[in-house]
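The values are calculated or read from the model by the stated rules, or taken from the named source; none is laboratory data. Model, not experiment: these values are computed from the prediction. Using ideal geometry, Cβ is built from the backbone for each residue, glycine included, and neighbour counts are taken over all protein chains shown.
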Amino acid sequence: MEKNIGRIWISLAVLVIAVIIWTEGDSLRAIKTTQGEAPFLIAVTQLGILYIVALFVERALEVLIKAWRQGGRIHLEGEIRSESDDQVKAGKEKQLEQYKAGTQRRALLGGVTLGILVSLAGVRLLGPIFDVSGSATSGFQAAVFQFADIVITAGLIAGGSTTIHELMALIDDFLKASRKRAKVE
């Protein structure tokens, strides 16, 4: 059962989506981009804002995790240094690795939590790009969009500034390649 949990969740998600499409199908319309500025420029601006927010969240998490978990790590490292028996030392090193993995899990959970809080507070990626307030968008569709926006933004913030920086670099590379192709043609 535990081995197939991912398949079960995906099957349930597909079933829920199918039911939603079947019941709400006529009211689900394509969401239009915001009028005025180019949506691409808005997206790049929002990524820059998320980069700064992710830096703040990373620093806050670093301080909190260090205050919370550093004492245990230092204690385990001291036990390893003072141990002379290689077998006991190997066991302590394994214990230290498990402790570090636990710290990473807590940091990721904290990052997701802070990302959700920041996103709920209104810092979002997709909202400024797309207009869901129009009459073509159903209330259900707007709610799903808001939920997806919160989850995507929280995931980007939880992934940290490195993830956002890599995404921005990818966009920059794409733009440079597009400009080169335009000059050649």
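Screening Arg179, Arg106, Arg124 for residues that are among the basic types (Lys, Arg) and exposed (fewer than 14 other Cβ atoms within 10 Å of the Cβ) leaves exactly one candidate, Arg179.
Taken as a whole, the structure leaves Ala142 outside the set of residues that are without any contact (Cβ under 8 Å) to a residue 24 or more places away in the chain and either under 17 Å from Leu41 (Cα atoms) or surrounded by 16 or more Cβ atoms within 10 Å (Cβ to Cβ) (or both).
Only one entry of Ile157, Ile171, Ile150, Ile116 meets the criterion of being touching a residue at least 24 places away in the same chain (Cβ under 8 Å), surrounded by fewer than 16 Cβ atoms within 10 Å (Cβ to Cβ) and under 27 Å from Ile49 (Cβ atoms), and that entry is Ile171.
Answer yes or no as to whether Ala60 is surrounded by 16 or more Cβ atoms within 10 Å (Cβ to Cβ) and of a type in the set (Gly, Ala, Ser).
Answer is no for this residue.
Residue pairs whose Cβ atoms lie under 9 Å apart, sitting 6 or more positions apart in sequence or on different chains, and linking a residue in the range 2-25 that is within 21 Å of Ser138 (Cα to Cα) to a partner that is at pLDDT 75 or above and in a helix (DSSP H, G or I), are Ile20/Phe140; Ile20/Val144; Glu24/Phe140; Glu24/Gln141. Among the numbered conditions (1) out of contact with any strand residue (DSSP E or B) (no Cβ under 9 Å at 6 or more places or on another chain); (2) modelled with pLDDT of 80 or more, the only one that Gly6 does not meet is (2). When Gln98 is tested against the conditions (1) modelled with pLDDT of 85 or more; (2) within 26 Å of Ala54 (Cβ to Cβ), the lone failure is (2).
Taken residue by residue, the range 116-131 has at least one member that is modelled with pLDDT of 85 or more, of a type in the set (Ser, Thr, Tyr) and outside any loop (DSSP other than H, G, I, E, B). Hey, does the range 72-79 have a residue that's in contact (Cβ under 8 Å) with a residue 24 or more places away in the chain and either closer than 30 Å to Thr153 by Cβ or among the aromatic types (Phe, Trp, Tyr) (or both)? No - not one qualifying residue is present in the range 72-79.
Is it the case that some residue within the range 161-178 is of a type in the set (Val, Ile, Thr) and closer than 23 Å to Ile17 by Cβ?
No, there is no match, as no residue in the range 161-178 is of a type in the set (Val, Ile, Thr) and closer than 23 Å to Ile17 by Cβ.
Checking each residue in the range 20-76 for being at pLDDT below 80 and of a type in the set (D, E, K, R) picks out Glu24, Asp26, Arg29, Lys32, Glu37.
Listed residues Ile152, Ile164; which is outside any loop (DSSP other than H, G, I, E, B) and touching a helix residue (DSSP H, G or I) at 6+ places or on another chain (Cβ under 7 Å)?
Sole residue among the options that is outside any loop (DSSP other than H, G, I, E, B) and touching a helix residue (DSSP H, G or I) at 6+ places or on another chain (Cβ under 7 Å): Ile164.
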